[in-house]
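Asker: Supplied in structure tokens, the structure appears directly below.
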Amino acid sequence: MSRATQIVRYLIPRIALVDLPWMLGVAAAGSLLAGLYGIGHDQLTYSISPEYFTKMKFEQFHYADFGFGNRVFVATIGFLASWWVGAIAAWLLARRLIPGQPRSVAISQIVRGFLVVLVVTFLFGFAGYVVGIWRGPEADYSRWQTMIDVLGIEQPWHFVRVATIHSGSYLGGLVGLIFALLLIRPVESAERKTLDSTKFVRA
């Protein structure tokens with residue numbers, strides 16, 4: 001097997017057709033779960049700094065404003081900013097854990113993986129909140145000054161605190177996914193069922 005073929009198979013592995021609906025279902029569930037998390041997350045951070053949304057996020061997601069008020073718009077932004085993270089994380093977990101395993105085992109492992117990602121995401125976001133509180137309103141926010149001036153932010157401490165929470169949450173999602181992929185492993189290959197090699201797709 002050539003090196004190029006090995007790289008292609010690594011980047012675009014074969015997936016059994018029988019596994020594909022389950023994997024797509026897991027990805028859909030992951031996107032919904034992450035979207036709901038994003039809604040709650042942004043509702044809380046909007047309460048800390050409305051300016052973070054009204055003077056920045058509302059402009060970034062202007063196309064999704066259907067005129068139902070700020071709270072609904074914030075919820076929409078939370079979903080749109082998060083669903084794709086959940087879809088990617090769930091797809092990677094499904095690709096790792098579904099092939100060759102009994103469905104009950106795979107789904108149980110994937111649920112555990114979801115929990116790992118969610119817990120780590122929450123902890124990193126909370127750490128961002130704690131750091132923001134610890135720094136306090138009199139900290140040096142000079143590196144934020146250009147953005148604060150351009151956006152006309154009137155409460156810089158609140159704005160920066162929410163920015164830190166959001167950054168921490170995204171970082172936590174990535175770290176949580178890495179932990180889940182490393183800690184939750186499929187059964188040994190010798191125990192995995194044999195699949196019909198003619199019923200594979202590239203994905």
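Asker: Determine, yes or no, whether Pro137 is in contact with an Asp or Glu (Cβ under 7 Å, 6 or more places away or on another chain), open to solvent by 20 Å² or more (accessible area, probe 1.4 Å), assigned to a loop (DSSP other than H, G, I, E, B) and at pLDDT below 90.
Answerer: Against the criterion (in contact with an Asp or Glu (Cβ under 7 Å, 6 or more places away or on another chain), open to solvent by 20 Å² or more (accessible area, probe 1.4 Å), assigned to a loop (DSSP other than H, G, I, E, B) and at pLDDT below 90), Pro137 does not qualify.
Yes or no, residue by residue, for (1) modelled with pLDDT under 95; (2) over 23 Å from the mean Cα position of the chain (by Cα):
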{"site": "Arg3", "(1), (2)": "yes, yes"}
{"site": "Ile15", "(1), (2)": "yes, yes"}
{"site": "Val18", "(1), (2)": "yes, yes"}
{"site": "Trp22", "(1), (2)": "yes, no"}
{"site": "Tyr37", "(1), (2)": "no, no"}
{"site": "Lys57", "(1), (2)": "no, no"}
{"site": "His62", "(1), (2)": "yes, no"}
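Asker: Based on what the data block shows, is Pro186 part of a loop (DSSP other than H, G, I, E, B) and open to solvent by less than 40 Å² (accessible area, probe 1.4 Å)? If you could, list the steps in order and put the result at the bottom.
Answerer: Values: part of a loop (DSSP other than H, G, I, E, B): yes; open to solvent by less than 40 Å² (accessible area, probe 1.4 Å): yes.
Against the criterion (part of a loop (DSSP other than H, G, I, E, B) and open to solvent by less than 40 Å² (accessible area, probe 1.4 Å)), Pro186 qualifies.
Asker: Can you spot a residue in segment 145-166 that is at negative phi, of a type in the set (Gly, Ala, Ser), surrounded by 18 or more Cβ atoms within 10 Å (Cβ to Cβ) and part of a helix (DSSP H, G or I)? Show your work before the answer.
Answerer: Step one: filter segment 145-166 for residues at negative phi, giving 145-151, 153-166.
Those left that are additionally of a type in the set (Gly, Ala, Ser): 163.
Still in the running and surrounded by 18 or more Cβ atoms within 10 Å (Cβ to Cβ): 163.
Imposing the further condition that a residue be part of a helix (DSSP H, G or I) reduces the set to 163.
Looking through segment 145-166, at least one residue is at negative phi, of a type in the set (Gly, Ala, Ser), surrounded by 18 or more Cβ atoms within 10 Å (Cβ to Cβ) and part of a helix (DSSP H, G or I).
Asker: Turning to a different aspect of this structure: Within segment 111-126, is there a residue that is assigned to a helix (DSSP H, G or I), open to solvent by less than 50 Å² (accessible area, probe 1.4 Å), within 30 Å of Gly25 (Cα to Cα) and of a type in the set (Ser, Thr, Tyr)?
Answerer: yes
Asker: Please find, among Arg95, Arg71, the residue that is out of contact with any His (no Cβ under 9 Å at 6 or more places or on another chain), modelled with pLDDT under 95 and of a type in the set (Lys, Arg). Don't jump to the end; show me each part of the working.
Answerer: Details: Arg71 fails: modelled with pLDDT under 95.
None of the other options fit; the residue is Arg95.
Asker: For segment 60-87, give me the residue count where each residue is in a helix (DSSP H, G or I), without any contact (Cβ under 8 Å) to a residue 60 or more places away in the chain and in contact with a helix residue (DSSP H, G or I) (Cβ under 9 Å, 6 or more places away or on another chain).
Answerer: So the first thing to find is which residues in segment 60-87 are in a helix (DSSP H, G or I), and the list is 60, 62-64, 70-87.
Retained after the next criterion (residues that are without any contact (Cβ under 8 Å) to a residue 60 or more places away in the chain): 60, 62-64, 70-84, 86.
Filter once more, so that each one left must be in contact with a helix residue (DSSP H, G or I) (Cβ under 9 Å, 6 or more places away or on another chain): 60, 64, 70-71, 73-84, 86.
Residues that pass the stated criteria total 17.
Asker: Suppose the filter is within 13 Å of Ser169 (Cα to Cα), open to solvent by 20 Å² or more (accessible area, probe 1.4 Å) and touching a residue at least 12 places away in the same chain (Cβ under 8 Å); does Val105 pass it? So that I can check it myself, show each step before the final result.
Answerer: Numbers: within 13 Å of Ser169 (Cα to Cα): no; open to solvent by 20 Å² or more (accessible area, probe 1.4 Å): yes; touching a residue at least 12 places away in the same chain (Cβ under 8 Å): yes.
Spelling it out, it is not the case that Val105 is within 13 Å of Ser169 (Cα to Cα), open to solvent by 20 Å² or more (accessible area, probe 1.4 Å) and touching a residue at least 12 places away in the same chain (Cβ under 8 Å).
Asker: Would you check if Thr45 is of a type in the set (Val, Ile, Thr), in a helix (DSSP H, G or I) and in contact with a helix residue (DSSP H, G or I) (Cβ under 6 Å, 6 or more places away or on another chain)?
Answerer: Details: of a type in the set (Val, Ile, Thr): yes; in a helix (DSSP H, G or I): yes; in contact with a helix residue (DSSP H, G or I) (Cβ under 6 Å, 6 or more places away or on another chain): yes.
Taking the combined requirement at face value, the residue satisfies it.
The values are calculated or read from the model by the stated rules, or taken from the named source; none is laboratory data. Only a predicted model underlies this, so the values are computations on that prediction, with no experimental measurement involved. Positions of Cβ are backbone-derived with ideal geometry, glycine not excepted, and every protein chain shown enters the neighbour counts. Protein only, heavy atoms only, side chains kept; ligands, DNA and RNA dropped before computing areas. Shrake-Rupley method; radii C 1.70, N 1.55, O 1.52, S 1.80 Å.
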